[in-house]
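The values are calculated or read from the model by the stated rules, or taken from the named source; none is laboratory data. Quantities reported herein were computed from a predicted structural model and do not represent experimental measurements. Note: ideal-geometry Cβ built from the backbone for every residue, glycine included; neighbour counts use all protein chains shown.
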Amino acid sequence: MAKGKTKAKSKAAGGWQGQVLVVDLTKGEAKAEPLNMEWAQQYLGERGLATKYLYEMMNPRADAMSPENVLIFATGPLTGTMASTSGRYAVVTKGPLTGAIACSNSGGKFGAELKFAGYDLLIVKGRAKKPVYLHIIDDKVEILPADGLWGKTVWQTEELIKAKHQNPLLKIASIGKAGEKGVLYACVVNDLHRAAGRSGVGAVMGSKNLKAVACHGSKGVTVKDPKRFMKVVGDAKQKLAESTGRKELTEYGTNAMIDVMQQFGGLPTRNFREVQFEGVEHINAQAMKTPNAHGHTNLVANKACFGCTIACGRIAHIDKQHFSIVNRKEYWLASGGLEYETAYAFGPVVGVDDIDALTFAGYMMNEHGMDPISFGVTLAAAMELYDIGAITKKDTDGIELKFGNAEALTVMAEKTGKGEGFGKILGLGSKRMCEKYGHPELFMGVKGQEFAGYDSRALQGMGLGYATSNRGACHLKHDVFAEDMEDQTGSGKAVPVKKSQDKVAAIDSTGLCLFVTAAWGVPDFAAQVDAACEGSWDEKRLYETGERVWNLERMFNLKAGLTAKDDTLPKRLLETPAPSGTAKGKVSELGKMLPEYYKARGWTTDGKPTNQTIARLGL
Amino acid sequence: MDYVVVGAGPAGVIAAETLRRADPSGAVTLIGDEPAAPYSRMAIPYLLAGDIEPAGTHLRHGTGHYRAHGIKVVKGRRVTRVAAKSRVLTLDDGAKVKYDKLLVATGSRPVRPPIKGIDLPGIESCWTLADAAAIARKAKPRSRVVLMGAGFIGCIILEALAARKVDLTVVEMADRMVARMMDRQGGDMIKRWCEGRGVKVLTSTRVEAIEKTKTGFRLAIGRRAALEADLVVCATGVAPNVEFLKGSGVETEFGILVDHGLRTSVPDIFAAGDVAQGPELITGKPEVHAIQPTASEHGRVAALNMAGVPSHYRGSLSMNVLNTLGLISSSFGHWQGLPGGEIAEASDPDHFCYLRLCFKDDRVVGALALGLTQHVGVIRGLVQTGLPLGPWKKALQRDPHQVMNAYLDLTKAVP
Amino acid sequence: MQKSLLIEPEKCTSCLQCEMACSFEHEGSFNPAKSRIKVFEFEHGRRAIPYTCTQCAEAWCLHACPVEALARNPTTGAVEVKEDVCVGCKVCTIACPFGTINYNRDSGKVAKCDLCGGDPQCAAACPTGAITFVDSDWTGYERMKAWAAKTDNQPRA
């Protein structure tokens, strides 16, 4: 197949590698091009820069699963540096679940490796005639047939590619069967259990017949002012090390959150019928560390992504006596364990409190490459459909799809991953499934994408964030957690939501992880970006960059055909009061917040950026 | 006590230094037959490639190293006779040297096949600094060079010749390149690699005769074909320098037979390095391992025993590492496999990657690697320690590239 | 008292800050592929082991070098590569039974841990204390050295 040495001429000093790798799968060509440094100065990197490239390279109205869609793997200028959490990359494309721009962020080691191979961005266009994978060793890029890989799981794929190239140093991002079979929330999994999880970026990869990207780089990353950079990243790491938030993440992982949400009454339970879950203590961070009746402890170790000095990642294993694996030795291994969103999506929202079943479902997500949030919330809706009699055992391959049935969780996780039986329906996502069975109101999400583990009735700003997130319901595109905990009304939330969306968009464009905000403010990021990158970067410029990114994403969505009508929440959250917890009796105040938000954004009342806003941001 | 070391290669130099440390009052004499300061043949290709200056080949740097260590160096003299009973050496200028303990570390010399015209003036070996200088003079860019022999030494020279941008043809009698350190699969990959870089490689090809032409040489290969060359470099093998021992009573086979103490069959005569045929690590059978690590180990053990410090040498492990135009290959121990043992291979010919592990019972006894540069030494670690593999044997059979993980896990080298 | 790197893998999270620090110190860029310390992972990350040269007494690499390009630094005890002398023959890379001296294609020389001249940057960068620089008589460190002895093929006088 196609083969060739690639090397672009421009070499940018500081942070960026100055090169993008453009792969046209239709033509079977790969070539390196100089990075557009003007865009890099405007959009920084990762999420922002990839959005700009996507916006310029494709027609937003194109079908997400068509060859016209463009799939971008993007690193940031701080990816692969000694800044803490420098292992991030983003996958940006048009999402099949939402029809909107999709931007999924992942850690692990793949992103840094892509950068070390010399590329800021990997841009994949077209569609290969037959399944292929990319093999990237610095300037040498090959598009190789994936005949023996198609149909294999993520774990098998990584092992097979490493063995084929006899290179244990390869870092691999791939899709499992879910991505091959078009599960609309299939993800791209890298390093066995890190994932660009949301919005179905893996389905897009599958639609391109691209099974995997395997990469090893030896080029190294340099920064503008190495001495100052080492000083500021050192200070920032120290600050992070000392922060309480960081200590909790290291000690308990993100699943520490489940107790907080439980107490607060913001923990979506049984498809958002409830906001508190009686089984929390069986699946929380403490439960992961506590031996069960057989003396088996779920948690094995902490694991960091590349460059991360937090290590919130959990490595866990399932009790060998558990029904899910008792006869399946291949799962008697340790692998990626529960984090908050998986604990929520396999736990409260489906009513299951069996920690081994949850861990097994997590293995299925990683192995077959699916978004646990979308899967869990879709399963929750299916359980509600089952509960109200809209579907029966006939539809569900004989499985009793009752809330709380751990076996329903493990079996459906596997069936969905493999695209078998009722799993095919679950693979459509909650919105399409609920519509199919005549109950669109049971879909819990926005723009076709399912909610994360926070209830919008208890966390008002979160609700606004969900409604306005450019990739559909998402908890990671804004950060008003403190404001929401402090004040449970919708008053005064629009401006903080807008501002935090801009902040997060900027952080997502650096190559660093959002979780460092446990200790760092925007000035901490700015100091590191400024020492690494050409140009002068301060807090104000980062906010402005983030705002530019946000607006460009919005413009993509508007061109794709989305409107203000899509900035909404399900009726259940707008009309049915929270049944318990601190927000008992409350509904989401979205109707009040949204106009304020459009105004704060400098958008028209129907949610379009005004000409003035467009001009101000240089869009 | 008079210690005499014959041969100023690595084994000889290390032995002389070790003698000095082990017996500070003894007299140490080092006799070498070349005019230069003791140097390493290993470095000659890099000299030829122009990477280093002649001084860069020296085994020891700085002036006065040997004097400072109280080692008397006799340069440019060859020992012609050993009178074992009287413990006297005769040099080629007739001088006599008395010894109490003698170390023979005379190494080996290149040998040429019995072909008509093989000794024509201008056909070069590549063994000494003088040879390297001669080749360097003649191997000009675009000159037609025929390299006879694609063994280990041939391949090392090949790299240096290619660096001089000559029009290069390699002729090898065996069915593959580096036949003594690579199996068919690995040898073929190296050949294909070389061909991809503009070197003509003729394997299973014999040079029948060489004749002089107006400008250079014509080499008859097979019945009809012939190669024209401006320069012929012969790297067809080496033989141990043992002739001068005739009549000394020292027993030889391929090389000088030595025991686990590097003692020869004659009291107070020891042998080390390329000339010695000593116990092999795994089988214990006497073998000649003409490699730097063995020379270094031999030299040290022999010297200690000469100085009366009892030392036992477990045995030598054959290993080689080769850079053929950028393709790095290595071999360890019994890479052909041992009877009754298993073999695990992983290969990716398209990317010139190959790893072969040979097991015997629960151990790794040999390996070949192509394209592997990181942590490759750990294969020696596995072979040398004879580490029982336990569950890792299966894992290694599945994926030989797990060697580093296997080693780390099994040794608990890091707790 | 000379100091040595003490590695406690149970504390390692595999963040590779050590590899970046090492490459930054020696190559001037963040480049784990050029790091002299390497983290090896087992079973989906269940265990991670940072691994580098122990500056073993046997110094296989040093003895195997044909041109005396390796020497022990008397102050730090580290065996160091003299880049200007190394010809790149790679014999040390197969002679070292720990696999901790490696060939660098870009420089054409070999590279190994030199303890950064007495201030190892890997230890300084490690966020969890999995790599520390301690007095050499620390017992944990002796285990790795014990393996050097078991591998030994060289008599000691």
- Item | So residue B:101, is it surrounded by 14 or more Cβ atoms within 10 Å (Cβ to Cβ), modelled with pLDDT of 95 or more and over 26 Å from residue B:162 (Cα atoms) | yes
- Query: Just a yes or no: is a residue in the stretch B:386-402 more than 9 Å from chain C (Cβ to nearest Cβ), over 21 Å from residue C:42 (Cβ atoms) and out of contact with any Leu (no Cβ under 6 Å at 6 or more places or on another chain)?
  - Reply: yes
- Right, residue B:383: out of contact with any strand residue (DSSP E or B) (no Cβ under 9 Å at 6 or more places or on another chain) and in contact (Cβ under 8 Å) with a residue 24 or more places away in the chain or not? no
- Query: With (1) in a loop (DSSP other than H, G, I, E, B); (2) within 12 Å of another protein chain (Cβ to nearest Cβ); (3) touching a helix residue (DSSP H, G or I) at 6+ places or on another chain (Cβ under 6 Å) as the list, and residue B:290 as the residue in question, which single condition is left unmet?
  - Reply: (2)
- Query: Looking at this structure, is residue B:357 touching a residue at least 12 places away in the same chain (Cβ under 8 Å), within 14 Å of chain C (Cβ to nearest Cβ) and closer than 22 Å to residue B:293 by Cα?
  - Reply: no
- Task: Give the residue that is surrounded by the fewest Cβ atoms within 10 Å (Cβ to Cβ), with candidates limited to residues of the stretch A:387-423 that are touching an Asp or Glu at 6+ places or on another chain (Cβ under 9 Å), of a type in the set (Gly, Ala, Ser) and within 25 Å of residue A:331 (Cα to Cα).
- Result: A:404
- Query: For residue A:64, all conditions in the list (1) out of contact with any helix residue (DSSP H, G or I) (no Cβ under 8 Å at 6 or more places or on another chain); (2) crowded, with 19+ Cβ neighbours inside 10 Å; (3) modelled with pLDDT of 95 or more; (4) part of a loop (DSSP other than H, G, I, E, B) hold save one; what is the number of the exception?
  - Reply: (1)
- Task: Tally the residues that are at the interface with chain B (Cβ under 10 Å from one of its Cβ atoms), over 21 Å from residue B:320 (Cβ atoms) and touching a Leu at 6+ places or on another chain (Cβ under 8 Å), restricting the search to the stretch C:44-67.
- Result: 4
- Do we have residue A:230 as under 21 Å from residue A:453 (Cβ atoms) and outside any strand (DSSP E or B) here? no
- Task: Output the qualifying pairs, or none if there are none: Cβ atoms under 8 angstrom, residues six or more apart or on different chains, first residue in the stretch B:314-335 and under 17 Å from residue B:351 (Cβ atoms) and within 11 Å of chain C (Cβ to nearest Cβ), second residue hydroxyl-bearing (Ser, Thr, Tyr) and part of a loop (DSSP other than H, G, I, E, B).
- Result: B:328/B:373
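Considering only the stretch A:1-14, I want to know if a residue exists there that is at pLDDT 95 or above and crowded, with 19+ Cβ neighbours inside 10 Å.
Looking through the stretch A:1-14, none of the residues is at pLDDT 95 or above and crowded, with 19+ Cβ neighbours inside 10 Å.
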- Message: Take the conditions farther than 30 Å from residue A:64 by Cβ, assigned to a helix (DSSP H, G or I) and either in contact with a helix residue (DSSP H, G or I) (Cβ under 8 Å, 6 or more places away or on another chain) or among the aromatic types (Phe, Trp, Tyr) (or both) and apply them to residue A:223. Does it pass?
- Response: no
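Could you tell me whether residue A:352 is touching a residue at least 24 places away in the same chain (Cβ under 8 Å), surrounded by 24 or more Cβ atoms within 10 Å (Cβ to Cβ) and not in a helix (DSSP H, G or I)?
Answer is yes for this residue.
Confirm whether residue B:249 is more than 14 Å from chain C (Cβ to nearest Cβ) and closer than 30 Å to residue B:17 by Cβ. Break it down into steps so the answer makes sense when it comes.
Numbers: more than 14 Å from chain C (Cβ to nearest Cβ): yes; closer than 30 Å to residue B:17 by Cβ: yes.
Criteria met by residue B:249.
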- Residue hits (the stretch B:259-285; out of contact with any helix residue (DSSP H, G or I) (no Cβ under 9 Å at 6 or more places or on another chain) and either among the small types (Gly, Ala, Ser) or outside the structural domain of residue B:302 (by TED's automatic domain parsing) (or both)) are B:265, B:284
- Item | Residues that are part of a loop (DSSP other than H, G, I, E, B) and either more than 25 Å from the chain's Cα centre (by Cα) or at pLDDT below 95 (or both), drawn from the stretch A:283-307 | A:290, A:291, A:292, A:293, A:294, A:295, A:296, A:297
- Reported set for the stretch A:411-434 where residues are closer than 14 Å to residue A:200 by Cβ, in a helix (DSSP H, G or I) and not small (Gly, Ala, Ser) is A:416, A:426, A:431, A:432
- Query: Can you pull out the residues in the stretch A:97-111 that are closer than 19 Å to residue C:30 by Cβ and either touching a Gly at 6+ places or on another chain (Cβ under 6 Å) or part of a loop (DSSP other than H, G, I, E, B) (or both)?
  - Reply: A:107, A:108, A:109, A:111
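Condition check ((1) closer than 30 Å to residue B:322 by Cα; (2) without any contact (Cβ under 8 Å) to a residue 60 or more places away in the chain; (3) under 15 Å from the mean Cα position of the chain (by Cα)) across all residues:
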residue: C:101; (1), (2), (3): yes, yes, yes
residue: C:112; (1), (2), (3): yes, no, yes
residue: C:127; (1), (2), (3): no, no, no
residue: C:133; (1), (2), (3): no, no, yes
- Selection over the stretch A:102-155 where residues are among the basic types (Lys, Arg) and either within 21 Å of residue A:307 (Cβ to Cβ) or crowded, with 24+ Cβ neighbours inside 10 Å (or both) yields a count of 2
- Query: Quick one: in the stretch B:39-61, which of the residues that are part of a loop (DSSP other than H, G, I, E, B) and under 17 Å from the mean Cα position of the chain (by Cα) is farthest from the other protein chains (Cβ to nearest Cβ)?
  - Reply: B:59
- Task: Scan the stretch A:435-466 for residues that are buried (at least 24 other Cβ atoms within 10 Å of the Cβ) and assigned to a helix (DSSP H, G or I) and report the count.
- Result: 8
- Message: Please go through the stretch C:12-31 and give me each residue that is more than 7 Å from chain A (Cβ to nearest Cβ), buried (at least 24 other Cβ atoms within 10 Å of the Cβ) and closer than 21 Å to residue A:117 by Cα, ordered by number.
- Response: C:18, C:19, C:22
- So which helices (runs of 4 or more DSSP H) are wholly in the stretch A:518-585 and hold at least 2 residues that are at positive phi and either in the same structural domain as residue A:480 (by TED's automatic domain parsing) or more than 21 Å from the chain's Cα centre (by Cα) (or both)? none
- Meets criteria (under 26 Å from residue A:96 (Cβ atoms), touching a helix residue (DSSP H, G or I) at 6+ places or on another chain (Cβ under 6 Å) and modelled with pLDDT of 95 or more) for residue A:609: yes
- Message: Which of the numbered conditions does residue A:213 fail, given that it passes all the others? Conditions: (1) in a helix (DSSP H, G or I); (2) of a type outside the set (Phe, Trp, Tyr); (3) touching a residue at least 24 places away in the same chain (Cβ under 8 Å).
- Response: (1)
